[in-house]
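Values quoted throughout were computed directly from the atomic coordinates according to the rules given, and no laboratory measurement underlies them. Note that this is a predicted model, so its numbers are computed, not measured. All Cβ positions, glycine included, derive from the backbone under ideal geometry; neighbour counts span all protein chains shown.
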């Protein structure tokens with residue numbers, strides 16, 4: 001049977017995803033989801049509203065993740081969802097606040113963060129959450145004044161689910177240090193030299209702001225002045 005391939009709908013979705021990516025303005029504050037970002041990325045994103053330009057494939061993967069997470073939140077019917085929380089001037093929106101009264105390990109009402117991952121990563125996790133995800137949700141727990149917090153991973157291919165419960169105090173010292181470093185960077189009125197917090201961040205292929213990655217302190221000061229004066 002003969003047919004004509006039509007790419008209109010595919011291109012329409014691409015345009016909408018790209019527009020959504022470009023349409024997000026920065027609040028100027030450090031967000032919970034960026035806690036484990038390199039300090040340089042934090043400053044570039046919050047102070048200059050610079051954005052990572054993800055390709056079409058990556059944007060679609062992000063959307064798939066959002067869809068899976070939205071489905072999960074609807075199933076569990078939390079007490080609250082997308083709750084705005086603030087701690088030491090940093091901000092974030094917690095996926096959900098849940099009552100664990102009927103859980104295997106009841107620990108009261110706590111923040112629950114939901115993350116969608118591939119089946120391959122789900123297998124590698126072995127029940128232990130990524131460091132960045134732990135810090136993000138511990139931040140919510142600190143703001144919510146909760147002793148515990150939980151992180152759920154969903155395998156996006158078959159919807160398998162794994163949930164871990166963590167003590168908030170285990171992350172407090174590190175979160176406070178990250179916020180301290182961010183505040184000092186703001187006061188310094190410059191762009192910090194790039195230093196990855198995680199191994200993958202050091203790979204230029206995955207660098208959010210590759211044009212700044214290899215610059216010296218002097219070169220970054222020049223970039224800071226240009227950005228502040230609207231030259232870039």
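Within segment 144-161, the residues that satisfy the criterion of being under 22 Å from residue 174 (Cα atoms), surrounded by 13 or more Cβ atoms within 10 Å (Cβ to Cβ) and over 17 Å from the mean Cα position of the chain (by Cα) are 144, 146, 148.
For segment 50-67, enumerate the residues that are outside any helix (DSSP H, G or I) and surrounded by fewer than 14 Cβ atoms within 10 Å (Cβ to Cβ). Don't jump to the end; show me each part of the working.
Of all residues in segment 50-67, those outside any helix (DSSP H, G or I) come to 50-55.
If the condition is that a residue be outside any helix (DSSP H, G or I) and surrounded by fewer than 14 Cβ atoms within 10 Å (Cβ to Cβ), then 53, 55 are the ones that fit.
Could you check segment 193-212 and list, in sequence order, the residues that are touching a residue at least 24 places away in the same chain (Cβ under 8 Å) and under 20 Å from the mean Cα position of the chain (by Cα)?
Pass one, segment 193-212, residues touching a residue at least 24 places away in the same chain (Cβ under 8 Å): 193-198, 201, 208-209, 212.
Those that are touching a residue at least 24 places away in the same chain (Cβ under 8 Å) and under 20 Å from the mean Cα position of the chain (by Cα): 194, 195, 196, 197, 198, 201, 208, 209.
Criterion first (more than 19 Å from the chain's Cα centre (by Cα), under 27 Å from residue 105 (Cα atoms) and not in a strand (DSSP E or B)) does residue 124 satisfy it? When the stated conditions are applied, residue 124 passes them.
Within segment 68-112, being outside any strand (DSSP E or B), closer than 27 Å to residue 42 by Cα and without any contact (Cβ under 8 Å) to a residue 40 or more places away in the chain holds for one residue alone: 70. Of all residues in segment 157-170, those satisfying the criterion of being touching a strand residue (DSSP E or B) at 6+ places or on another chain (Cβ under 9 Å) and either farther than 23 Å from residue 34 by Cβ or not in a loop (DSSP other than H, G, I, E, B) (or both) are 160, 161, 162, 163, 164, 165, 166, 167. Restricting 96, 116 to residues that are closer than 23 Å to residue 67 by Cα, surrounded by 22 or more Cβ atoms within 10 Å (Cβ to Cβ) and more than 13 Å from the chain's Cα centre (by Cα) narrows the list to 96.
Has segment 20-34 got at least one residue that is in contact with a strand residue (DSSP E or B) (Cβ under 7 Å, 6 or more places away or on another chain) and part of a helix (DSSP H, G or I)? Steps first, please.
So the first thing to find is which residues in segment 20-34 are in contact with a strand residue (DSSP E or B) (Cβ under 7 Å, 6 or more places away or on another chain), and the list is 27, 29-33.
In the following step, the residues that additionally are part of a helix (DSSP H, G or I) were identified as 32-33.
The answer is yes; a qualifying residue exists.
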